[in-house]
Amino acid sequence: MAAKLRKGDEVIVLAGKDKGKKGTISSVDPKAGKAVVDGVNIAIRHQKQSQATQGGRTPKAMPIQLSNLAIVDKNGKASRVGFRMDGDSKVRFAKTTGDVI
């Protein structure tokens with residue numbers, strides 16, 4: 001099945017502690033149904049000091065469910081993704097505006 005959300009897409013969070021925040025997808029795990037979005041769902045990870053690294057507390061973006069994300073259309077609003085044939089190729093389009101993504 002074709003992916004509705006892909007790496008590099010601009011998305012908005014629909015549910016959770018970061019509801020309403022926008023960001024860009026940096027990676028997608030389709031098997032788990034999750035994606036990592038830059039600047040969203042940030043957790044603090046503790047790094048032990050070693051000879052090579054300083055150590056301390058570092059923020060890290062954690063995966064978020066794909067069902068809690070929606071693509072942002074040209075108007076800046078959340079939109080669902082549809083598929084259609086454009087000539088010989090299958091393309092994704094925003095259902096609110098009809099524009100090809």
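The values are calculated or read from the model by the stated rules, or taken from the named source; none is laboratory data. Computed from a predicted structure; not experimentally measured. Cβ coordinates were reconstructed from backbone atoms using ideal geometry, including for glycine residues, and neighbour counts include every protein chain displayed. Side chains included, ligands, DNA and RNA excluded: accessible areas come from the protein's heavy atoms. Shrake-Rupley method; radii C 1.70, N 1.55, O 1.52, S 1.80 Å.
Net charge dipole, segment 26-80: roughly 100 debye, given to the nearest 20, about the Cα centre with Cβ charges of +1 for Lys and Arg and -1 for Asp and Glu. In segment 1-94, the portion of solvent-accessible area held by carbon and sulfur atoms comes to 50 percent [1.4 Å probe, whole percent, DNA, RNA and ligands not counted]. Computed with a 1.4 Å probe over protein heavy atoms only, the accessible surface of segment 7-64 comes to 70 Å² per residue. For SER50, the solvent-accessible surface with a 1.4 Å probe is about 60 Å², rounded to the nearest 10. Above 15 Å, the calculated P(r) of the chain contains 65 percent of its Cα-Cα pairs. Placing +1 on the Cβ of every Lys and Arg and -1 on the Cβ of every Asp and Glu, with no other charges, gives the chain a dipole of roughly 360 debye about its Cα centre.
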